[in-house]
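In what follows, a structure is listed as structure tokens, so that the remarks can point back to it.
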Amino acid sequence: MFVRVSLWLLAVVSVLDVSVSQGVWQKPKQPHIVFILTDDQGFNDVGFHSTDLHTPTLDRLAAQGVRLENYYVQPLCTPSRSQLLTGRYQIHTGLQHSIIRPRQPSCVPPELPTLPQRLQEVGYSTHMVGKWHLGFYRRDCLPTRRGFHTFLGSLTGSVDYRTYASCDGKALCGFDLHDGESVAWGRAGKYSTHLYTQRIRNILASRRPDEGPLFLFISLQAVHTPLRPPKSYIYPYRSMGNVPRRKFAAAVSVVDEAVHNITYALRQFGYYRDSVLIFSSDNGAQPFTGGSNWPLRGRKGTYWEGGVRAVGFVHSPLLRRRRRVSTALLHITDWYPTLLRLAGGDPSRDLGLDGYDIWPVLSEGWESPRSEILHNIDPLHRRAQGSWAAGKELWDTAIQAAIRVGDWKLLTGDPGHGDWVPPQVLPSFPGTWWNLERRNGEELKSVWLFNITADPCERNDLADLRPDVVRTLLTRLVFYNRTAVPVRYPPDDPRADPARNGGAWVPWVSDEEQDEHWNGIYYKRGRNRKRKKCRFCKIRSFFKKLNYRIMSNRI
């Protein structure tokens, strides 16, 4: 009997050895995860897509890893960050509309676990630098209460790169740089990209790789406005006639240098061999401030490809098939289950995830498990009326919504201005803006259909030619809308004013204070204000649209 059992055990061990040697089975080792998220970097704002920007580090890392050329994010900051950290669409977090503004008593729902919280449960040391922008009205919303052991960065959506001043409107400004849960008054003066890079280097240098796995979330402020890159980075782009583009390119170069320094530190301190580095932009670029999504249509804040198709790649020695370009359909919600399972966690514990585990896609080149993406359904953003009568009984086409199913993409309502903007077309602002390429009469439309695989620049609307496809995709919108939670977009709270909180943006609601029931209460600024006659109504209306339709420089 003993001999028989011994032979059986020997056979099992032999099978496992063969499996390991063939790559069929391998005991997972928790990798160090480094996620770098840039702000407002467009599709054409990286060297491997553009000829006028120099990003040697990003180009090299992407070439040595897996470039993601069918990868999507959301058109704005808060939605992308919330979907990254929760693995859920906006319609399932109540953040369907716009962003979380500095004075709004809102944040990611506390009952939803975040990726860093789940990584902590499986032994990870989690650290964040940079932009949060997921709400901070009470302390339970802060990064250190949502899964990060340490945090150095800003809580609002836009700060000055050196003074760390953040304004909500012209008159309401405050300091916004925090170390943990304290205001970091003494850190002002250093360019933020350099400050955050140094913090990451210090974290790597202060421990040994064998002390446990790391999760580093590097949520860079760059290349969001206000662009104030050091002059030495502007000089190489001095021949550019478009001054905003020149400054933007310089800010991208600072990012490229930061990524170089981070990867160098990973190698220097022994982390690189067991690391997975992911690079992603958070939404499309804003051409007014120098960014470019060319040749894609649209910009930040819109549901055209220029607003939602991202720059992204994965670089890791753990990838089994490297040095390739992936055209698999991927979405920012996929990182949650992918990284959690890679870390040894169990994503199946989190019911209601909208993301998929895509590690086999990245590492082995498998087909994507994802066949569709719900870009969003925003019931608060409506046209005056819908125009596609054939699907009227299915869906109110006045509602802003966008969905991708296979090769097809459907947009309803108002997807935002659909311009095609070459990178050097705006040497001045706003004069030449009015002469950009634009489809006449589209302001009256409310349904568009594109075959994105064949027409990634969205130039051939097929809605009238393929009503059958339109109806199919409208049915999918109906399906998703049935699962949506109420929109959470509360009015501004005057207690958030930095002047009432020591001059800084900090939580203003006490831990003991109960939340008001904002669910289902929708609010838009200025809706009930009386209009005043003025000499500059058209100009004011133009900037008002930029602000209210999520295209202002302050978003």
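Near Y480: Cβ cut-off under 10 Å, other residues only, Lys/Arg at +1 and Asp/Glu at -1. The net charge is 0. The gain in end-to-end length when the S371 to S510 segment is fully stretched comes to 45.6 nm, 0.36 nm per residue minus the alpha carbon separation.
Taking 0.36 nm per residue of sequence separation and removing the Cα-Cα distance, the T472/Y264 pair yields an extension gain of 69.9 nm. Calculated accessible area for the range 255-404 comes out at 35 Å² per residue, all protein chains present (probe 1.4 Å; ligands, DNA, RNA ignored).
The residues neighbouring P209, those whose beta-carbon lies less than 15 Å from its own, together hold a net charge of +3 under the Lys/Arg +1, Asp/Glu -1 convention. Which percent of the Cα-Cα distances in the range 188-239 go past 18 Å? In whole percent, the long-distance tail amounts to 49.
Based on the Cβ-Cβ distance of F479 and D346, what FRET efficiency does E = 1/(1 + (r/R0)^6) give at R0 = 30 Å, to the nearest 0.05? With a Förster radius of 30 Å, E is 0.65. The local environment of Q221, defined by Cβ-Cβ distances under 12 Å, has a net charge of -2 under the rule Lys, Arg +1 and Asp, Glu -1. The residue among T193, M240, V252 whose Cα reaches farthest toward the positive pole of the charge dipole of the range 158-259, with charges on the beta-carbon of Lys, Arg, Asp and Glu, is M240.
Of interest is the spacing of the C-alpha centroids, which for the range 125-142 and the range 456-477 amounts to 39 Å. Assuming a ≥ b ≥ c are the square roots of the Cα gyration tensor eigenvalues, decide whether the range 247-372 counts as rounded (a/c under 1.5), prolate (otherwise, with a/b larger than b/c) or oblate. Cα axes put the range 247-372 in the oblate bin. Cross-link partners of K231 among aspartates and glutamates, defined as those whose alpha carbon lies under 19 angstrom from its own and excluding same-chain residues fewer than eight positions apart: D52, D160, D256, E257. Straight-line cross-link partners of K445 among the aspartates and glutamates, defined as a Cα under 12 Å from its Cα and at least 8 positions apart when in the same chain: D414, D461, D464. The range 290-317 and the range 216-268 have Cα centres lying 17 Å from one another. Report note on the peptides 36-47, 332-343: ranked by the mean count of other C-beta atoms within 10 Å, highest first, their order is 36-47, 332-343.
Can you pull the Rg over Rh of the range 449-489, Cα-only, Kirkwood? Ratio of gyration radius to Kirkwood radius for the range 449-489: 1.14.
The values are calculated or read from the model by the stated rules, or taken from the named source; none is laboratory data. None of these values were measured; they are calculated from a predicted model. For neighbour counting, all protein chains shown are included, and Cβ atoms are generated from backbone atoms with ideal geometry for every residue, glycine included. Areas reflect the complete protein model, heavy atoms only, side chains present, ligands, DNA and RNA absent. Shrake-Rupley method; radii C 1.70, N 1.55, O 1.52, S 1.80 Å.
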